[in-house]
1. Name every residue in region 23-50 that is out of contact with any helix residue (DSSP H, G or I) (no Cβ under 7 Å at 6 or more places or on another chain), part of a loop (DSSP other than H, G, I, E, B) and within 12 Å of Leu11 (Cα to Cα), in order of residue number.
2. Counting only residues that are closer than 26 Å to Phe159 by Cβ and not hydrophobic (A, V, I, L, M, F, W, C), how many does region 22-50 have?
3. Residues to consider are Ala96, Ala59; find the one that is assigned to a helix (DSSP H, G or I) and at pLDDT below 90.
4. Considering region 167-198 alone, what residues qualify as being in contact (Cβ under 8 Å) with a residue 24 or more places away in the chain, outside any strand (DSSP E or B) and either in contact with a Ser or Thr (Cβ under 6 Å, 6 or more places away or on another chain) or surrounded by 12 or more Cβ atoms within 10 Å (Cβ to Cβ) (or both)?
5. Would you confirm whether any residue within region 131-144 is touching a Ser or Thr at 6+ places or on another chain (Cβ under 6 Å), surrounded by fewer than 18 Cβ atoms within 10 Å (Cβ to Cβ), outside the structural domain of Pro72 (by TED's automatic domain parsing) and of a type in the set (Gly, Ala, Ser)?
Amino acid sequence: MYTKDSINIWLDDIRPAPDGWIWAKTAEEFVFHYFSNYLRVNMVSLDHDLGTVNTGYDAVKAITSFHEFCLPRQIFLHTSNPVGRENMYQLLYSFADNTDSSCEIYSAPNRDAWEESLRISKEEGLYEYSLIQLKDGDIIEFDYLNWENKHSHRQAVFFNIVFGNSEFHPVKQWMVQCHDLDKNDERNFAAKDMSNIIITGSAY
């Protein structure tokens, strides 16, 4: 089943796929790649929170809905959401047990793939690895170097990370969407210019 042309699928809306993995940014993209290639799927690695209504749990529900479809050789869960991880793991484990699947299911990341994703994140401007662990509503403090080359210490409520530009950052790059607590306004901060990020609470 797993030949030299086998594929690996990485589900995550922010963390880039390791080299050699197909990057699915939504549950729908993952399901498309999975069922289009299910006889060739070797490994999958799943995030839970994807910035959309459907989550990694929906992707797991899709691939465990049909007993005629076999699971891949290995499944890894790299999400930082503990509840989401446990829900996905239990559903996968139950399905594999009921279908006598030989799939190996891990409630943790594939170490090599995870480190490769972090390396690519750093190269693409997500220098602070803590950025890719943030959740919607996290209250954060950080040091920031703005477009005028001025340093400041900021407080904000984190919303999302997007690849785009803004009025003060015309070149497309990773931008952190926040509600700036100091300015009481929504702002886009350049990810590469944020440092010493800490989470101080939650707005929700």
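The values are calculated or read from the model by the stated rules, or taken from the named source; none is laboratory data. Everything quoted here is computed from the prediction, not taken from an experiment. Cβ: placed from backbone, ideal geometry, glycine included. Neighbour counts: every protein chain shown.
1. Lys25, Thr26
2. The total comes to 8.
3. Within the list Ala96, Ala59, the selection yields Ala96.
4. Listed by number, the residues that qualify are Leu181, Ala191, Lys192, Asp193.
5. yes
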